[in-house]
Amino acid sequence: MAELIAKTPCAGLLPVRHGGLSLTECAPTAIHHLAAYRGAAQLGVALEKAHGLGWPAPGRSTGAASARALWFGPDQALLLGPMPVAALARHCALTDQSDGWAHVCLSGPGAEEVLARLVPVDLRAGAFPEGAVARTALFHMSALITRTGAESFEIFAFRSMARTLVHDVSEAMKSVVAQRG
Amino acid sequence: MRITCPYCGTRDLREFSYRGAASDLERPDAEAPPEEWHAYLHLRDNPAGVTRDLWYHEMGCASWLVVTRNTVTHEILACDLARDVALKAREAKR
């Protein structure tokens, strides 16, 4: 039988550093997509009971580093961290997408400026505080972006686009650093 | 052009893709006369003024929207979830 080598989506591509800014691959974590069958009310209750996480409002997330729920669209969320209990599947289509996403962290002074070159949404702290989530375009790609700190963001893009993601963000990092002089 | 998604707020045009007239939501009954089906499938208005279109928030929350806009002034007058529009129309039929 073939011996398959497990590789993370950005293996060999990251980390990248430019003038205090860094782009790193986040530690691999379980990622599950929850799409409620009939509204999110019952699913929210089940999620709270099973994992202690509230149902995220549009554009928001709940929980903390090791267990989070990110809003992913109407009646949908991404569960990060815990393996979901089977009972959740009674209320939603539950899909394991752990290997489907390139999941990277952009941090350092000027992280906002880097994303401002790629993303048509205001991601400054006033409009996009910690825990906020946006499903939007990153250059030509669909992405999900969440703020994790004053100068740090996590970005999710489809795994097949990992190389493009790293390229686009790295180029924007370089240009922000170059303009700083 | 910017479109205000009921879920995501005001977003840039590049996040959306266009489908066509919102009359696509008003599908006739299966037994409706051929003329009605012909009108539904093939006949479209091309107004200089207010029009209603279906847009898809493709690079965002993946909602279908009914956008009411003015083709002369480019003003956007309303953005509603297509689901709500369709459900309301179904209620009105009853």
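General observations
- Cα-based helix-to-principal-axis angle, A:41-51 vs chain A, degrees rounded to 10: 80 degrees
- Whichever lysines have a C-alpha closer than 22 Å to that of residue A:49, once near sequence neighbours (fewer than 8 apart) are set aside: none
- With each label modelled as a point 7 angstrom along the Cα→C-beta vector, the residue A:97-residue A:37 pair spans 2.1 nm.
- Most to least packed among A:71-81, A:151-161 [average Cβ atoms within 10 Å]: A:71-81, A:151-161
- Helix B:82-93 and the longest principal axis of the Cα set of chain B meet at an angle near 30°.
- Straight-line cross-link reach from residue A:7 at under 29 Å between alpha-carbon atoms covers these lysines, not counting any fewer than eight positions away in the same chain: A:174.
- C-alpha long axis of helix A:162-180 to longest principal axis of chain A, angle in °: 40 degrees
- Kirkwood hydrodynamic radius of the range A:30-96, from inverse mean 1/r over distinct Cα pairs, in Å: 11.2 Å
- Per residue, the Cα convex hull of chain A amounts to 123 Å³.
- Value of relative contact order over the range A:30-96, rounded to a whole percent, pairs C-alpha under 8 Å and six or more apart: 44 percent
- Sequence-separation-based contact order of chain A, relative, with Cα cut under 8 Å and 6+ spacing, percent: 23 percent
- The mean number of partner chain beta-carbon atoms within 10 angstrom of a residue's beta-carbon across peptide B:6-18 is 4.
- Counting, for every residue in A:52-64, the Cβ atoms of other protein chains within 10 Å of its Cβ and taking the mean gives 1.
No lab work stands behind these numbers, since they all come straight from the coordinates. Worth saying up front: this structure is predicted, and the values here are computed from it rather than measured. Neighbour counts are summed over all protein chains in view; Cβ atoms, including those assigned to glycine, are modelled from backbone coordinates with ideal geometry.
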